[in-house]
Each structure stands twice: as structure tokens, then as C-alpha cells.
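Read-outs: derived from the displayed coordinates by stated rules, not from any lab. It should be emphasised that the depicted structure is a prediction, and the values quoted were computed from it without experimental measurement. A quick note on method: Cβ atoms are made from the backbone with ideal geometry, for glycine too, and the neighbour counts reach across all protein chains shown.
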Amino acid sequence: MSSVKGYAKLNSRKIDNAIYGIAYGEEGALRDLYDMTDVAIYAYALTFTKNVYDAQDVMQDTYIKVYDAAPSYVSQGKPMSWIMRIVKNLCYDKLRQNERNVNADDSILERQLFATDADVTDKLVVLGCLQTLDSDECKIIVMHAVGGIKHREIAAELDIPLNTVLSKYRRALKKMQYVLEGGQS
Amino acid sequence: MTNKQTENKIAESFSAVKPDVYNEVASQCPERTAVRTQKTTAWGWKIATFALALILVVAVIFGGVTLGGTNAIAASVTLDVNPSVAIRLNKNRRVISVDALNLDGKKIIGNMDFKGAQLEVAVNALIGSMLRSNKLSADANSVLVSVDANQSEYDQLVNIVSQEINIILQESQIEASVVSQWLRETDDASALAAEYGISVGKAQLINKILQSSVQGKYTVEQLVSLKINELNLILDGLDVPQNELSQSGTASDGSYIGKDAAIAAALKSISDDLTENELQRLSCKMDFDDGFMIYEVEFVYNGWRYEIEVNALDGTIVGMERDTDDVRPQQSTLSRDQIEEKALDLADVPQADRDSVNMTVEVDVDHGVTEYELKFAYNGKYFEMEIDQYGIVLSASQRDIGGTTQSDLSYDQIKQKVLEAVAKDSRFASVTLSSAREWEIEREYKYGKQVYEVEFKWNGYEFDCVLDISTGNVTFKAEIDD
């Protein structure tokens with residue numbers, strides 16, 4: 001299994017440095033950014049597209065957008081929020097192109113996920129997250145647990161009150177604990 | 001499984017299923033040569049230095065500029081209020097030029113010609129013009145003075161300019177507040193200034209505020225939009241090293257409700273008849289939060305430490321935190337009973353009534369420390385507290401339960417009331433406590449009412465119910481549980 005760059009391990013300063021590095025043409029900067037953010041970007045894209053291949057396309061396009069935007073990037077200390085906004089916009093584009101809404105047939109996602117090489121538990125956890133949680137809960141848990149984004153920033157990004165974010169987060173965690181303890185997926 | 005473990009497992013699982021698209025990305029992102037201007041390479045500096053030297057040599061030869069003479073810029077003083085102007089000085093502190101750094105600055109300078117004037121005269125005229133155009137007033141009395149000069153000259157220039165500003169404002173019965181700093185044109189400040197069209201001095205001040213505050217508290221966009229007086233009000237609450245900048249006078253909060261009104265609003269939010277005499281360690285400082293200027297009122301009352309945020313414009317309460325005013329005791333672990341007693345102490349529940357309090361307790365382990373989440377109602381109030389195994393109160397809140405003073409319902413009573421209501425629907429007539437499963441009960445404040453949100457599953461159905469605490473009414477919806 002590849003290393004996990006999940007909860008609270010994403011360091012804003014390092015991500016900022018990587019983005020500036022890309023702007024300056026520093027060798028290895030793009031790789032650094034990719035290694036730090038790929039899981040969060042892919043997971044967040046999945047919460048919108050519910051489709052493995054679309055999420056993969058969005059992931060690829062996100063890095064190209066970041067690369068293009070890097071020279072004019074101004075750090076506000078929240079690079080993941082900035083990147084997640086790019087992901088969200090690309091997902092909306094993708095959904096519009098496909099004329100498909102977020103409630104696409106869940107069985108497609110199941111088949112796509114089960115075609116990957118990952119451990120079956122991991123597939124069930126991802127499915128549980130995408131199918132058991134409601135749309136906001138899923139985004140909130142991915143942004144915080146995988147993207148390391150603070151609840152306060154999530155509230156601003158999703159335009160919902162901080163208290164709602166916190167209660168949805170707690171509820172989502174409870175549901176996921178149930179999934180993890182073998183309740184259901 | 002703890003919350004932390006759950007979070008880690010979710011991150012780990014997404015990591016396991018993610019694809020690797022790095023090669024595709026890299027093939028579309030060719031390495032570029034540096035395109036940002038903030039970083040200058042060593043070679044860049046050498047070329048720039050050489051070019052500057054060449055210009056100076058040419059200037060000397062053709063006599064346009066005499067090095068160290070009366071036309072050479074020896075220092076510059078930038079005045080920022082919202083209008084921003086820069087005064088360039090020769091070594092005799094005579095004005096070479098006054099340049100506007102923004103549109104307002106242009107209006108302030110107007111047709112005035114300062115060439116050859118003394119620094120004091122220029123400052124007097126410029127500050128006078130700002131007063132006349134109401135850019136400086138009793139409600140906005142702050143001036144940022146940024147000086148670009150050698151260190152010995154810096155102190156003297158700051159003195160001259162500050163004194164002049166004080167004299168002029170005093171004539172209008174205004175007490176000035178001058179923030180002065182030694183200007184260092186760093187890459188960061190220059191880029192910020194260029195990007196937002198502000199002076200390098202203001203950019204440097206914003207950078208200092210960002211460096212001295214909790215990371216992520218302010219954004220550049222927010223601070224750029226503020227006037228110097230508002231930045232000065234924020235500076236009051238920060239710990240900026242004295243060698244970085246100095247402040248004289250007090251920034252005016254005349255555009256806002258004022259500290260007294262903020263304290264009064266904060267006290268009223270706790271109790272109508274609470275007075276300052278009953279408080280300890282009262283402090284009130286101005287801050288900026290989520291796009292609003294606020295007063296942060298802190299005090300200790302009745303063993304609790306309060307932090308209340310008051311909107312500085314209209315006195316509404318925008319945030320409140322309450323914590324016990326104790327320090328972490330010796331690391332002795334308390335029993336669950338002791339934790340419950342502590343919660344009841346905090347809620348002022350008399351010993352005689354304690355047995356009748358129905359308390360729900362959830363236990364979680366965070367970083368190896370057991371945390372108790374306690375919820376209970378007493379005397380018309382609903383309490384929620386988080387207390388760790390050492391007795392430290394991590395959070396506590398209380399709110400009025402609309403109209404009722406009865407004790408909280410037990411989980412079994414809630415389930416029973418909900419089932420009674422559900423069973424009235426003929427489809428679910430046979431539902432029983434023992435056959436219903438996967439209960440989730442949460443107390444919420446919704447639509448102005450205290451309610452229990454109850455979920456459970458029964459016979460292939462999933463039920464979402466709301467129990468209104470004051471009326472006992474239950475509404476529910478049932479969906480096929482797939």
C-alpha cells in the first residue's frame with residue numbers, strides 16, 4: 001500500500017513551497033506537490049463525480065490547472081482550499097459535459113472500484129464513504145480527514161455554518177465507524 | 001475505534017484506491033524557466049547592480065545628478081492613511097519630490113509643489129490636506145510612517161515626522177496615533193504592494209500582522225482592504241516586536257460602538273443584571289474576524305473564563321466560548337463518578353437534586369486521554385460538557401430549554417414516546433422496543449425549539465423522527481431501508 005498523506009499530515013507551507021517551486025521551474029516541485037496532494041484531490045473529485053474515470057480525469061486536469069496558475073498564485077496560507085476549489089470547478093465542468101448528475105448509478109461506481117487492485121476493506125470504506133454518507137457529510141469528511149482542511153475553512157468553502165460542519169462531521173464519523181466495524185457499506 | 005483511527009483509515013483507504021496519473025500530468029507540464037519576479041537569481045542581481053552602476057556613471061559624467069549632492073535621494077518617508085504619499089529627501093532633509101502612491105494620494109497632493117521645501121513643511125501641508133478632506137479625523141487618527149534611510153537617520157526622521165503630525169492634529173483637537181517602521185523593500189512586501197496597488201509600507205505592515213498572528217486568522221485580501229486606522233486597532237491586540245515598529249498614541253475606535261458598549265453587550269449576553277464589579281481579569285480588545293471588526297471581551301466570572309466576540313459596528317454577539325478558569329491539575333485520573341460530580345458542580349446542581357438528574361455520558365479516547373461527553377438537563381437548562389480524565393473541562397455550554405423546567409427524558413423514555421407515535425400508523429402497529437434496532441438519539445435546537453432527533457430501524461424500514469420536548473409531539477417519516 002502506498003504511504004498515506006491523510007489527516008493533518010498535509011503541511012500548508014510545504015504545499016505553498018511546491019506551488020512556488022512549480023512557478024519558478026524548480027526541479028521536482030511538481031512531483032512534490034503531486035505526492036503531497038494526490039489522495040486528497042482524487043478523493044474530493046470522487047465525492048462529486050462518483051465515477052472513478054471522471055475523478056481520474058479531474059485529478060489530471062487539476063494539476064495542469066495548478067501548473068498554469070502557479071506563476072500568479074498568491075499564498076493565503078490555505079493552499080489545499082485553493083486546490084480543492086479548482087477540483088470542485090473541474091468536477092462541475094465534467095458533470096455538465098456528461099450531463100450526468102451526482103446520483104449516478106451506484107452500481108457503476110461499485111464495479112469500477114472493485115476492478116482496482118486495492119484491498120477489499122479499503123474498497124468498502126471508500127464505497128461506504130461515497131454511498132452511506134450524504135453529499136455534504138462525504139465532502140466534509142474527505143476535506144478534513146484526507147485533505148487536512150480545517151473545519152472553519154470547510155465551512156467557508158461549502159458556505160455552511162461552522163456548527164453545521166462540525167455536527168455533520170461527527171455524524172459522518174459515527175456512520176463510518178459503523179461501516180468500519182462491519183455494520184454495512 | 002477512536003475518531004482519529006477512523007479518520008486515518010478513511011485517508012488510508014482512499015490512498016489505496018487512487019490511480020497514479022503523475023506521468024500523464026508531467027508530460028503536459030513542461031519544466032518552465034522562472035516566470036515570477038519575486039525571486040531574483042544571483043545573476044539577476046549582478047546584472048541589475050551593473051546596470052545601476054552604469055546609469056550612475058553616465059549621470060555623473062553628464063552632470064544631471066551629483067552623487068551625494070542636493071538632488072540625490074538620501075531618504076524617503078512614506079505617509080499612509082488611506083491616501084499614500086512618498087516624500088523623497090536629499091541629505092539636507094529637503095524635499096526632492098512628493099509622489100502619490102495611489103489615487104487618493106494624488107488628490108491630497110493636488111497642485112502643491114514641494115521641491116526644496118523642508119520635511120516639516122511638506123508633512124504639515126500633506127497632513128493638513130488629509131484633515132481637510134476628512135481622511136484623518138477623530139474617528140480615524142492613525143498614520144503609518146515608513147522610513148527608508150540609514151539607521152541613524154531613521155530615528156531622527158521618525159521623530160520629526162511624528163512630532164509634526166501630532167502638532168497638526170492637536171490643532172484640530174485630535175490625538176494622533178503614529179505607527180512607524182523602518183522600510184525594507186523585501187521581495188515579499190514589494191510583490192504584495194504591486195499585486196494589490198498599495199504602498200510597500202502598508203504591505204510590510206500587513207506582512208508583520210500576518211507573521212505576528214495565529215496562522216490563517218487573517219487573509220491578505222482582508223487586511224489589504226482595511227485602512228491604516230483599522231490595521232492599527234488590530235496591532236493593539238498583537239505582540240509585534242518593538243524593534244520592528246513603534247506605536248504612539250491610541251488608534252481611535254470612534255467609528256465603532258466603543259469598548260464600554262462592547263463590554264456591556266457581552267455582559268448582557270450572560271445576564272441582564274451582571275455588572276463589571278462581579279468580574280475578574282476583564283479585558284477588551286479590538287480584532288478582525290471573518291470580515292468584521294469585533295471586540296474580543298474576556299473575563300472570569302463565577303469560576304468560568306469567558307471569551308465573547310462582539311460585532312464592533314452594532315454590538316451583536318458573534319461568538320462566545322466558555323471554559324473553566326483552572327490550570328491543569330496534577331495528572332491524577334478521576335473516576336467516571338467524579339467526572340459526573342464535576343459536571344453537576346459546574347451546573348450548580350444542589351446535592352439534594354443530583355439523583356434526579358438524568359445524565360447521558362459518552363466516552364471517547366483521544367491521543368490516549370479519555371474524554372467524557374456529558375449531557376443533561378436541570379432546572380430549565382440543558383448542559384453539554386466535555387471533560388477529560390484529569391477533570392479538565394474541554395468545552396461546556398448551557399442553553400435554556402424553551403418553557404419547560406422538567407428533567408430531561410431518559411433514552412428509554414424517548415424511545416418509548418417515539419414508538420408510541422410510530423405504532424399509531426397501522427403499517428407499524430407491531431413495532432416494539434425489543435424489535436427496533438440501531439437507535440441514534442441526538443438533542444438539537446431547531447426551529448426555535450428543543451427537540452430530540454431520533455433514528456432507528458425496524459422491519460426493513462428506516463425511521464427519522466423528531467420529538468418536540470416542550471409539547472411531547474412526535475413527527476416521523478419512514479423509508480424502506482435498502
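Volume per residue for the protein assembly as shown equals 213 cubic angstrom (convex hull of Cα atoms). Loop sites only, by DSSP: take the GluC sites (Glu not before Pro) in chain A that have at most 11 other C-beta atoms within 10 Å and name the longest stretch containing none of them. Counting only loop sites that pass the neighbour cut-off, the longest clear stretch is A:100-180.
Scalar couplings 3J(HN,Hα) for segment B:268-275, obtained by applying the Karplus form with A = 6.51, B = -1.76, C = 1.60 to θ = phi - 60°, are 5, 5, 9, 7, 4, 10, 6, 10 Hz; x denotes Gly and Pro.
Per-residue Karplus couplings for segment B:207-216, computed as 6.51 cos²θ - 1.76 cosθ + 1.60 with θ equal to phi - 60°, are listed in order as 4, 5, 5, 4, 5, 8, 10, 4, 4, x Hz, Gly and Pro entered as x.
The C-alpha atoms of segment A:103-157 occupy a region whose extents along the principal axes are 36, 24, 13 Å, arranged from largest to smallest.
Computed packing ranks the peptides B:310-318, B:224-232 as B:224-232, B:310-318, most packed first, by mean other Cβ atoms within 10 Å. Dividing the summed helix terms, -39500 (n - 2.57) for each DSSP H run of n ≥ 4, by the number of residues in chain B produces a 222 nm estimate of -10000 deg cm²/dmol to the nearest 500. The value of relative contact order for chain B, using C-alpha pairs under 8 Å at least six residues apart, is 7 percent. Using the Cβ-Cβ distance between B:Arg132 and B:Lys4 with R0 = 60 Å, the FRET efficiency computed as 1/(1 + (r/R0)^6) comes to roughly 0.45.
Model label sites at B:Ser248 and B:Tyr196, defined 7 Å from Cα along the beta-carbon direction, differ in position by 2.7 nm. Give me the base-10 log of I(q)/I(0) for segment A:12-180 at each q in 0.10, 0.12, 0.14, 0.21 Å⁻¹, Debye formula, one uniform scatterer per Cα, rounded to two decimals. Taking Cα atoms of segment A:12-180 as identical point scatterers yields -0.38, -0.55, -0.75, -1.44.
Eigen-decomposition of the gyration tensor built on the alpha-carbon atoms of segment B:75-248 gives equivalent ellipsoid semi-axes of 24, 18, 16 angstrom, largest listed first. Close amide H partners of B:Glu371, meaning residues 5 or more places away or on another chain with modelled amide H under 5 Å apart, are B:Asp364, B:Val365, B:Asp366. Too long at a 25 Å Cα-Cα cut-off: which of A:Lys14/A:Lys65; A:Lys94/B:Lys477; A:Lys175/B:Lys415? Too far apart for the 25 Å limit: A:Lys94/B:Lys477. The relative contact order of segment A:12-180 comes to 25 percent, based on Cα pairs under 8 Å that sit 6 or more residues apart. Ordered by the number of other Cβ atoms lying within 10 Å of each residue's own Cβ, fewest first, B:Leu233, B:Leu279 fall into the sequence B:Leu279, B:Leu233. Sort segment B:166-283 into rounded, prolate or oblate with this rule: let a ≥ b ≥ c be the square roots of the eigenvalues of the Cα gyration tensor; rounded if a/c is under 1.5, and if a/c is not under 1.5, prolate when a/b is larger than b/c, oblate otherwise. Verdict is prolate for segment B:166-283. When each pair of different Cα atoms in segment B:411-480 is counted once in the 1/r mean, what is the Kirkwood radius in angstroms, to one decimal? Result for segment B:411-480 stands at 12.0 Å. A simple count of charges around A:Lys88, restricted to other residues whose Cβ falls under 11 Å of its Cβ and scoring Lys, Arg +1 and Asp, Glu -1, yields +1. Partner aspartates and glutamates whose Cα lies under 14 Å from the Cα of A:Lys174, excluding those fewer than 8 positions away in the same chain, are identified as A:Asp134, A:Glu137, B:Glu7, B:Glu362, B:Asp364, B:Glu438, B:Glu440, B:Glu442, B:Glu455. If amide hydrogens are placed 1.01 Å from N in the peptide plane, which non-local residues have theirs closer than 5 Å to the one on B:Thr250? Under 5 Å from the amide H of B:Thr250 lies no amide H from a residue far enough along the sequence or on another chain. Compute the FRET efficiency between B:Asp239 and A:Glu181 as 1/(1 + (r/R0)^6), taking r as their Cβ-Cβ distance and R0 = 45 Å, and round to the nearest 0.05. The pair B:Asp239/A:Glu181 has a calculated efficiency of 0.45.
For segment B:259-324, take the alpha-carbon Rg, divide it by the Kirkwood Rh, and send me Rg/Rh. Here the Rg-to-Rh quotient is 0.94. GNM remark for chain A: springs join alpha carbons under 10 Å apart, and the peak mean-square fluctuation among A:Asp119, A:Asp38, A:Asp16 falls on A:Asp119. Its DSSP H runs of at least 4 residues, each contributing -39,500 (n - 2.57), put the calculated 222 nm mean residue ellipticity of chain A at -21500 deg cm²/dmol, to the nearest 500. Size descriptors for segment B:336-400: radius of gyration and Dmax over Cα atoms are 11.4, 37 Å.
Counting Cβ atoms of other protein chains within 10 Å of each Cβ in B:243-256 and taking the mean gives 0.
GNM, chain A, Cα, under 10 Å: largest mean-square fluctuation among A:Gln56, A:Gln76, A:Gln131? It is A:Gln76.
Considering only A:Ala156, A:Ala45, A:Ala145, the mean-square fluctuation computed in a Gaussian network model of chain A, springs between alpha carbons under 10 angstrom, is largest for A:Ala156. Among B:Arg443, A:Arg31, B:Arg399, the order by Cβ neighbours within 10 angstrom, fewest to most, reads B:Arg399, A:Arg31, B:Arg443. Phi-derived couplings, Karplus 6.51 cos²θ - 1.76 cosθ + 1.60 at θ = phi - 60°, listed residue by residue for segment B:118-129: 6, 4, 4, 5, 4, 4, 4, 5, 5, 5, x, 5 Hz, with x used for Gly and Pro. Measuring nothing but how far apart in sequence close Cα pairs (under 8 Å, 6+ apart) lie, relative to its length, segment B:411-480 scores a relative contact order of 24 percent.
Put a dot 7 Å past the Cα of B:Asp468, heading toward its Cβ, do the same for B:Asn92, and the two dots end up 8.7 nm apart. For chain B, how big is Rg over Rh, using alpha carbon atoms and the Kirkwood form of Rh? Rg/Rh: 1.13. Cα centroid separation, segment A:110-177 to segment B:192-254: 37 Å. Counting Cβ atoms of other protein chains within 10 Å of each residue's Cβ and taking the mean over peptide A:27-34 gives 2. Can you list the residues of segment B:133-148 with backbone N under 13 Å from a point 7 Å past the Cα of B:Ser172, pointing along Cα to Cβ? So the set is B:133-143. Taken as Cα centroids, segment B:109-165 and segment B:348-395 sit 59 Å apart, rounded to the nearest whole angstrom.
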